[in-house]
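The values are calculated or read from the model by the stated rules, or taken from the named source; none is laboratory data. Just so it is clear, the model here is predicted, and its values are computed rather than measured. We place every Cβ from the backbone using ideal geometry, glycine too, and count neighbours over all the protein chains shown. Ligands, DNA and RNA are excluded from the accessible area calculation, which covers all protein heavy atoms including side chains. Shrake-Rupley method; radii C 1.70, N 1.55, O 1.52, S 1.80 Å.
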Amino acid sequence: REPAEMKHELLTTNPVDITIRRAHYFAVALPKKGKALDLVLRHAPAGRSLAIKSIGASGAAAAAGEDLRVGDRIVAVNGRNGDAETLLAELAESSNPELTISRCCEGL
(Lines give C-alpha, C1' and ligand atoms only; values in the text may rest on other atoms or scores of the structure.)
Protein backbone atom coordinates (compact mmCIF):
# COMPACT_ATOMS: atom_id res chain seq x y z
CA ARG A 1 0.00 0.00 0.00
CA GLU A 2 0.99 3.60 -0.46
CA PRO A 3 2.03 5.59 2.65
CA ALA A 4 -0.88 8.04 2.39
CA GLU A 5 -3.36 5.15 2.24
CA MET A 6 -1.79 3.50 5.30
CA LYS A 7 -1.81 6.79 7.23
CA HIS A 8 -5.49 7.32 6.45
CA GLU A 9 -6.33 3.79 7.55
CA LEU A 10 -4.39 4.19 10.80
CA LEU A 11 -6.16 7.45 11.58
CA THR A 12 -9.67 6.29 10.73
CA THR A 13 -9.80 2.62 11.74
CA ASN A 14 -10.43 1.49 15.28
CA PRO A 15 -8.99 -0.92 16.36
CA VAL A 16 -5.92 -1.26 14.19
CA ASP A 17 -4.33 -4.69 13.67
CA ILE A 18 -0.65 -4.61 12.72
CA THR A 19 1.31 -7.62 11.49
CA ILE A 20 5.09 -7.43 11.47
CA ARG A 21 7.12 -9.86 9.38
CA ARG A 22 10.85 -10.11 8.94
CA ALA A 23 12.25 -9.70 5.47
CA HIS A 24 13.90 -12.63 3.73
CA TYR A 25 17.44 -11.88 2.43
CA PHE A 26 19.14 -13.75 -0.40
CA ALA A 27 21.74 -13.25 -3.13
CA VAL A 28 21.14 -13.13 -6.89
CA ALA A 29 23.96 -13.07 -9.46
CA LEU A 30 23.19 -11.07 -12.60
CA PRO A 31 25.82 -11.51 -15.30
CA LYS A 32 25.21 -8.68 -17.76
CA LYS A 33 26.90 -10.40 -20.76
CA GLY A 34 26.89 -7.09 -22.63
CA LYS A 35 23.22 -6.37 -21.88
CA ALA A 36 21.68 -3.67 -19.73
CA LEU A 37 20.00 -4.90 -16.54
CA ASP A 38 16.69 -3.41 -17.78
CA LEU A 39 15.39 -2.65 -14.28
CA VAL A 40 13.30 0.34 -13.28
CA LEU A 41 14.36 1.22 -9.74
CA ARG A 42 12.98 3.65 -7.19
CA HIS A 43 14.56 5.01 -4.02
CA ALA A 44 13.88 7.55 -1.32
CA PRO A 45 16.13 10.64 -1.19
CA ALA A 46 17.93 9.33 1.91
CA GLY A 47 17.19 5.66 1.19
CA ARG A 48 19.57 2.77 1.69
CA SER A 49 17.96 0.40 -0.80
CA LEU A 50 16.63 0.32 -4.36
CA ALA A 51 13.05 -0.86 -4.90
CA ILE A 52 12.44 -2.83 -8.11
CA LYS A 53 9.48 -1.20 -9.88
CA SER A 54 9.66 -3.22 -13.11
CA ILE A 55 11.80 -5.83 -14.85
CA GLY A 56 12.18 -5.59 -18.62
CA ALA A 57 11.74 -8.73 -20.68
CA SER A 58 14.97 -8.44 -22.68
CA GLY A 59 17.60 -7.35 -20.14
CA ALA A 60 20.03 -9.26 -17.99
CA ALA A 61 17.66 -9.10 -15.01
CA ALA A 62 15.00 -11.07 -16.89
CA ALA A 63 17.41 -14.01 -17.05
CA ALA A 64 17.18 -14.27 -13.26
CA GLY A 65 13.62 -15.50 -13.74
CA GLU A 66 11.67 -15.80 -10.49
CA ASP A 67 14.73 -14.91 -8.45
CA LEU A 68 13.82 -11.24 -8.88
CA ARG A 69 10.33 -9.80 -8.46
CA VAL A 70 8.75 -6.39 -8.62
CA GLY A 71 8.70 -5.09 -5.05
CA ASP A 72 12.03 -6.67 -4.07
CA ARG A 73 14.61 -4.31 -2.59
CA ILE A 74 18.28 -4.29 -3.49
CA VAL A 75 20.13 -3.67 -0.21
CA ALA A 76 23.71 -4.40 -1.35
CA VAL A 77 25.64 -4.85 -4.59
CA ASN A 78 28.76 -7.03 -4.59
CA GLY A 79 28.66 -7.04 -0.79
CA ARG A 80 28.71 -3.25 -0.68
CA ASN A 81 25.84 -1.48 1.03
CA GLY A 82 25.26 2.23 1.46
CA ASP A 83 22.99 4.95 0.18
CA ALA A 84 21.05 4.62 -3.06
CA GLU A 85 23.69 6.49 -5.08
CA THR A 86 26.39 4.04 -3.88
CA LEU A 87 24.24 1.06 -4.89
CA LEU A 88 23.47 2.58 -8.30
CA ALA A 89 27.16 3.32 -8.95
CA GLU A 90 28.15 -0.24 -8.03
CA LEU A 91 25.44 -1.61 -10.36
CA ALA A 92 26.69 0.55 -13.22
CA GLU A 93 30.37 -0.35 -12.72
CA SER A 94 30.03 -4.11 -12.31
CA SER A 95 29.78 -6.48 -15.28
CA ASN A 96 28.70 -9.35 -13.02
CA PRO A 97 26.86 -7.80 -10.06
CA GLU A 98 25.73 -9.94 -7.15
CA LEU A 99 22.69 -8.39 -5.52
CA THR A 100 21.60 -8.85 -1.94
CA ILE A 101 17.82 -8.81 -2.10
CA SER A 102 15.33 -8.15 0.67
CA ARG A 103 11.87 -9.60 0.07
CA CYS A 104 9.10 -8.90 2.51
CA CYS A 105 5.52 -9.74 3.22
CA GLU A 106 5.00 -12.96 1.28
CA GLY A 107 1.37 -13.97 1.35
CA LEU A 108 -0.03 -10.55 2.24
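Summary table below
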read-out: Filter result for T19 (exposed (fewer than 10 other Cβ atoms within 10 Å of the Cβ) and either touching a strand residue (DSSP E or B) at 6+ places or on another chain (Cβ under 9 Å) or in contact (Cβ under 8 Å) with a residue 12 or more places away in the chain (or both)); value: yes
read-out: K7 vs. criteria open to solvent by less than 90 Å² (accessible area, probe 1.4 Å) and basic (K, R); value: no
read-out: In region 24-81, residue surrounded by the fewest Cβ atoms within 10 Å (Cβ to Cβ) [restricted to those that are closer than 15 Å to S102 by Cβ and among the acidic types (D, E)]; value: D67
read-out: Those residues of region 29-56 which are without any contact (Cβ under 8 Å) to a residue 12 or more places away in the chain and of a type in the set (G, A, S), in sequence order; value: G34
read-out: Residue check, R69 out of contact with any helix residue (DSSP H, G or I) (no Cβ under 6 Å at 6 or more places or on another chain), touching a residue at least 12 places away in the same chain (Cβ under 8 Å), of a type in the set (K, R) and over 12 Å from V28 (Cβ atoms); value: no
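Results for (1) in a strand (DSSP E or B); (2) of a type in the set (S, T, Y); (3) within 12 Å of the chain's Cα centre (by Cα), shown as yes or no for each residue.
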site: E5; (1), (2), (3): no, no, no
site: N14; (1), (2), (3): no, no, no
site: T19; (1), (2), (3): no, yes, no
site: G47; (1), (2), (3): no, no, yes
site: A62; (1), (2), (3): no, no, no
site: I74; (1), (2), (3): yes, no, yes
site: G82; (1), (2), (3): no, no, no
site: L87; (1), (2), (3): no, no, yes
site: L99; (1), (2), (3): yes, no, yes
